[in-house]
Each structure stands twice: as structure tokens, then as C-alpha cells.
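> Sharing a structure below in C-alpha cells format, with a few things to ask.
The values are calculated or read from the model by the stated rules, or taken from the named source; none is laboratory data. Everything numeric here is computed off the predicted structure, so don't read it as measured data. Note that each Cβ is placed from the backbone with ideal geometry, even for glycine, and that neighbours are counted across all protein chains shown.
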Amino acid sequence: MRVLLTGGAGFIGQHLARALTAGGHDVTALDLLVPQVHADAEAAVRTFPGEVVRGDVADPGAWAALARPDAVVHLAAETGTAQSMYEQERYRSVNVGGTTLAGEHAARWQVPLVALSSRAVYGEGRYEDGAPVASREDDPHHPVSVYGETKSQGEAALLPAAGRVPVTIVRPQNVVGPGQALHNPYTGVLAAFLAMLREGRPVTVYGDGSQTRDFVHVADVAVLLTWLVDHPGDTGAPRVLNAGTGVRTSLLQLAHQAIAGRPDGVDAAVEVVHLDVHRAGDIEHACADLARLRESGAPLPAWTTADAVADFVRRSWDQPGARASAWDDALEELADRGLTS
Ligand SMILES: NC(=O)c1ccc[n+]([C@@H]2O[C@H](COP(=O)([O-])OP(=O)(O)OC[C@H]3O[C@@H](n4cnc5c(N)ncnc54)[C@H](O)[C@@H]3O)[C@@H](O)[C@H]2O)c1
């Protein structure tokens, strides 16, 4: 099959492209190669195992110029939660406008679509007896960031297409692994921890570190997405699936897992410090309920979070990336805009 990957030159897209080609598919990317994600756009193009067409998913002309594929995986998005709070127009145009066009073209081409949403649609998620519970796909949408809002609206924008072609919506939790953007201080707590560790700085955790997330290895997400391309499902309502491990990890645990994963083995000396700050758009707890994924017959994650974190740190250690001060600057920018408390 010829599979079109929007945002294919990005973190998840590159892993997925390799998994798809290993499974006998041909891949093409439609990607704007945005500088915030790609410090070296040429390298991203070279690494991608197919043609990269440079274009904007929010531009109808970019879609019109593409040849009809056999399936579409829509990954292109603006992904910074905190940044979405002040770059709202850009986030809406790419994440809602781009997703609307992805649905329209899949329907026009009569090909199945797999679209990446996010766990951000759940916002803080449900609590039972005062304790957070894992989010199920039928839970209501309560996004607390513009990013989450645009992902929720993007899902809604796919409903017309789902009546005409099979549409799968995937809501990943926090995806980690080699190849994740190390230059982009607007995403990825783990990239921030890596930068701090490499510079011998204490690892700074925002808040008390008891916040929890569900960190899933990118290879597991790529295996899942490949399976979904190979098993497109039916037309009608979209098939909606969580992607995660189903296991909670606190940010403090994450910091210690990152420290333990460093390849030089110097862990005793690393200090974890807490910064008493809350960023607008951040939530306390997130975790995926995987019951529906299990029932669907799709492959379940193979990596534990601790192994995924260690794999990321080990394989990213010598890769170029932003200085830890880039995350300090991003936080300062938020504070200047009144988006921290
Ligand atoms: N990485 C995660 O933890 C995570 C979690 C939940 C959901 N997701 C979703 O998965 C998808 C892929 O995420 P990722 O981590 O690979 O992000 P990424 O930033 O590494 O990749 C996104 C790609 O999209 C491209 N892009 C951005 N705007 C574009 C535009 N207007 N037109 C064309 N291309 C554009 C970028 O150049 C980049 O190559 C996104 O939809 C994201 O919201 C990711």
C-alpha cells in the first residue's frame, strides 16, 4: 500500500514510516518541516524512508497537489501545550483546519484514515473517591489547554469523513523514545531532563513531582499505528482508541528513571530540585485505560516506562539538542505572559 503520512518527518512519523516500510508499504510524507521541531530539516528528509513533500496541512493547495494514496495517517500538528495558550490562531489553523482537510481528502480519495488526536482531550480526567482514574475513550472531553481544545475539535471535524471511509482516532499519552525533538522547549519534559543531566545540572521538577503521566515508547505506538493501517475497521462512527501503557508514573519517578538511564553511570550526584510553579494548560494526572485497545485485538505495548525512559536517555545522550536554559527561557516567556502561577 502507498501510505501518506502528514507530519511524517516528525518524531512519531519517522518511527511509523520505518515500521510501515518494514511491513512492505511505501510511504510519502506531507510535512512543513517546521523549524521549532526540526533543527536540521535536511537530516529529517534524509532519514525518512520515502519522498517528503514540503507543504502545509492547513493549505488546501498542498493536498490538491498530492497523488491519491491507499491510506492516510494524519500526524501533522502543533504540539506545545503551554505554547498553544498564546499562539492560538496557529494552533487552531493547523490542528483543526489541517485535520478537517485530512478528513475531506481521505473521503474524496475513498481511503481509510488514521488520525492522531491526544489524551489532552480528557483534560484532568475523571476522579473516583478523590483518586484519579484512567481515562476511557467514552469519557467526556474536558480539555484545559488550547492544544487539547484543537484536538477535540479536530476529532469532531472527522465525523463526516467517518461516514464515508474507515476513520480511526488514536489518543496517545506521553510518547517517549529516540528521535524525540531535543530542540523544542515547548514539548517533552523528558527532553528537558536530558538537557539538565547532560549539563550536570540538578533535574528541575515543576511542582512537588507527584503529578502522574503515562509514558509509552514510540516503538509501541508505531507498531499500533501500523496494525491500524493494516486493519482499517469500518465506516460509520470513528473507531477511537487510547495509546499508552495503562501505568502511571509520577514526575519524580520519571526524573529518577532518567537519572538511572544515563549512560555514564554517574547517578549518585544528581540532585532533583522542585520549582514551585504551575503552567497554564498543565494537568495533575493522566493515564490511559487500555480495555478497548485489548478488546480490539490491536498489539499491546511491549515496553515498560522505565525501559522506555532509559532507552530514550541512552540513545539521545550524544545527539544535538537545546541547552537546558531553553526550557528556563520558555518558562520565563510563559510567566511574562501571565500563564504561570
Ligand atoms: N509525542 C507525543 O507525546 C504525543 C502525544 C499525544 C499526541 N501526539 C500527536 O501525535 C502527532 C505526532 O506528534 P509528534 O510527537 O511526532 O510531533 P512532532 O512535532 O515531532 O512532529 C510533527 C510533524 O508535523 C509537522 N508539521 C507541523 N505543522 C505542520 C503543518 N502545518 N503542515 C505540515 N506539517 C506540519 C512538523 O514539521 C513535524 O515534522 C501529533 O498530532 C501530536 O499531537 C503526540
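> Only one of 67, 17 is closer than 27 Å to residue 321 by Cβ and aliphatic (A, V, I, L, M); which?
Only one candidate passes the filter, namely 17.
> Additional query: Go through (1) buried (at least 18 other Cβ atoms within 10 Å of the Cβ); (2) under 22 Å from residue 169 (Cα atoms) for residue 231 and report which single condition fails.
Condition (1) is where residue 231 drops out.
> Hey, another quick one. I'd like the full set of residues that are touching a Gly at 6+ places or on another chain (Cβ under 9 Å) and part of a strand (DSSP E or B), limited to region 46-55.
Result: 52, single match.
> Further, regarding this structure: Applying the selection to region 264-322, what residues are farther than 18 Å from residue 200 by Cβ, of a type in the set (Ser, Thr, Tyr) and assigned to a helix (DSSP H, G or I)?
Of everything in region 264-322, those that are farther than 18 Å from residue 200 by Cβ, of a type in the set (Ser, Thr, Tyr) and assigned to a helix (DSSP H, G or I) turn out to be 296, 305.
> Then there is this: Can we say residue 250 is over 30 Å from residue 106 (Cα atoms), surrounded by fewer than 17 Cβ atoms within 10 Å (Cβ to Cβ), of a type in the set (S, T, N, Q) and within 20 Å of the chain's Cα centre (by Cα)?
Yes: the conditions hold for residue 250.
> A further question follows. What's the total number of residues in region 9-40 that are farther than 24 Å from residue 216 by Cβ, of a type in the set (A, V, I, L, M, F, W, C), surrounded by fewer than 20 Cβ atoms within 10 Å (Cβ to Cβ) and free of Cβ contacts under 8 Å to residues at least 60 places away in the same chain?
Going through region 9-40 one residue at a time, the tally reaches 1.
> Okay, moving on. For region 56-108, please list each of the helices (runs of 4 or more DSSP H) lying entirely inside it that holds at least 1 residues being near the ligand (Cβ under 9 Å from one of its atoms) and without any contact (Cβ under 8 Å) to a residue 24 or more places away in the chain.
88-92
> Does residue 67 qualify as being among the aliphatic types (A, V, I, L, M) and within 21 Å of residue 217 (Cα to Cα)?
When the stated conditions are applied, residue 67 does not pass them.
> Would you point out which residue out of 170, 121, 221, 205 is assigned to a strand (DSSP E or B) and within 13 Å of the ligand (Cβ to nearest atom)?
170
> Based on what the data block shows, is residue 43 outside any loop (DSSP other than H, G, I, E, B), small (Gly, Ala, Ser), at pLDDT 95 or above and surrounded by fewer than 15 Cβ atoms within 10 Å (Cβ to Cβ)?
Here the answer is yes, as residue 43 does meet what is asked.
> Look through 177, 80, 125 and report the one residue that is modelled with pLDDT under 95 and on the phi > 0 side of the Ramachandran plot.
Only one candidate qualifies: 125.
> Considering only residues that are β-branched (Val, Ile, Thr) and either in contact with a strand residue (DSSP E or B) (Cβ under 7 Å, 6 or more places away or on another chain) or surrounded by 20 or more Cβ atoms within 10 Å (Cβ to Cβ) (or both), which ones fall in region 46-63?
52, 53, 57
> Quick one: which of 148, 154 is near the ligand (Cβ under 9 Å from one of its atoms), assigned to a helix (DSSP H, G or I) and over 18 Å from residue 254 (Cα atoms)?
The conditions single out 154.
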